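The structure appears below as structure tokens.
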Amino acid sequence: DQQVKQNSPSLSVQEGRISILNCDYTNSMFDYFLWYKKYPAEGPTFLISISSIKDKNEDGRFTVFLNKSAKHLSLHIVPSQPGDSAVYFCAARNVYGDDKIIFGKGTRLHILP
Amino acid sequence: DVKVTQSSRYLVKRTGEKVFLECVQDMDHENMFWYRQDPGLGLRLIYFSYDVKMKEKGDIPEGYSVSREKKERFSLILESASTNQTSMYLCASSFAGTGFQPQHFGDGTRLSIL
């Protein structure tokens, strides 16, 4: 049973436009949600997080939105740059989960010139 | 900056061999984790440890064991390697305690079992 779902395996966006990556979850006991970015042959890099008590968190070009009623979060990247081409993993932590986090399967973002 | 170092970037082993993957972190983190990443499956947790000599099974522990004799080092052991353990292995660490602490990852070991 997938608790964190990224339904789009890939996404292509024109450079300079907005990239929107989506994630759905099923477990109401998640207290933090995270996004990681991964380049080939490198480990994932933590990008941004949001607490379940908030609905928005912004860090530079990256904004994460959380809709608890819909059990949905999204990552917005504005403006998209070539270096943003990577795989993005959505992840969540269970409040009872001993600091474990559960990852989605990832979305590959291609930024087109 | 947090540094998580995995001993090998690429490793090729034969079926039936005992394989050791080593991970060292330099930030005095209590928690350490081993994941494998496979295409279309994301990151799956194999084992984790929240203290020296402590270990907990993750989602896919079968065929693996771990060792944590020192706080900074967490080893993943494939007891008898099989071809279905060919994968990218990722180590991570994080602080424990109140609030949220992100996990920091090493660059991974791409393991091929022939």
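At-a-glance table
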read-out	value
Evaluation of B:Thr5 against (1) farther than 28 Å from A:Ile50 by Cα; (2) under 15 Å from the mean Cα position of the chain (by Cα) (one fails), failing number	(1)
Hits in the range A:72-99 (condition: closer than 15 Å to A:Phe46 by Cβ and of a type outside the set (Val, Ile, Thr))	A:Leu75, A:Ala86, A:Tyr88, A:Phe89, A:Cys90, A:Ala91, A:Ala92, A:Arg93, A:Asp99
Condition check for A:Arg61: within 20 Å of A:Pro9 (Cβ to Cβ), of a type in the set (Lys, Arg) and either in contact with a helix residue (DSSP H, G or I) (Cβ under 8 Å, 6 or more places away or on another chain) or more than 9 Å from chain B (Cβ to nearest Cβ) (or both)	no
Search result, residues across the range A:91-113 that are more than 9 Å from chain B (Cβ to nearest Cβ), crowded, with 18+ Cβ neighbours inside 10 Å and either under 16 Å from B:Phe105 (Cβ atoms) or out of contact with any helix residue (DSSP H, G or I) (no Cβ under 7 Å at 6 or more places or on another chain) (or both)	A:Ala92, A:Thr107
Any hit, the range A:48-66, residues being out of contact with any Pro (no Cβ under 9 Å at 6 or more places or on another chain), over 30 Å from B:Ser49 (Cα atoms) and of a type in the set (Gly, Ala, Ser)	yes
Identity of the residue in the range B:88-106, among the hydroxyl-bearing types (Ser, Thr, Tyr) and crowded, with 20+ Cβ neighbours inside 10 Å, that ends up nearest to B:Arg68 (Cα to Cα)	B:Ser93
Residue that is of a type in the set (Gly, Ala, Ser), modelled with pLDDT of 95 or more and over 10 Å from the mean Cα position of the chain (by Cα), where the choices are A:Gly43, A:Gly83	A:Gly83
Residue check for B:Arg44: crowded, with 20+ Cβ neighbours inside 10 Å and touching a Lys or Arg at 6+ places or on another chain (Cβ under 8 Å)	no
Residue, farthest from the other protein chains (Cβ to nearest Cβ), within the range B:1-52, restricted to residues that are of a type in the set (Gly, Ala, Ser) and farther than 14 Å from B:Arg68 by Cα	B:Gly16
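Condition check ((1) more than 14 Å from chain B (Cβ to nearest Cβ); (2) closer than 19 Å to B:Gln37 by Cβ; (3) over 10 Å from the mean Cα position of the chain (by Cα)) across all residues:
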| residue | (1), (2), (3) |
| --- | --- |
| A:Ser10 | no, yes, yes |
| A:Glu15 | yes, no, yes |
| A:Ile20 | yes, no, no |
| A:Met29 | yes, no, yes |
| A:Lys37 | no, yes, no |
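The values are calculated or read from the model by the stated rules, or taken from the named source; none is laboratory data. Predicted model, so just to flag it, every value in this text is computed and none were measured. Here the Cβ is made from the backbone with ideal geometry for all residues, glycine too, and neighbour counts use every protein chain on show.
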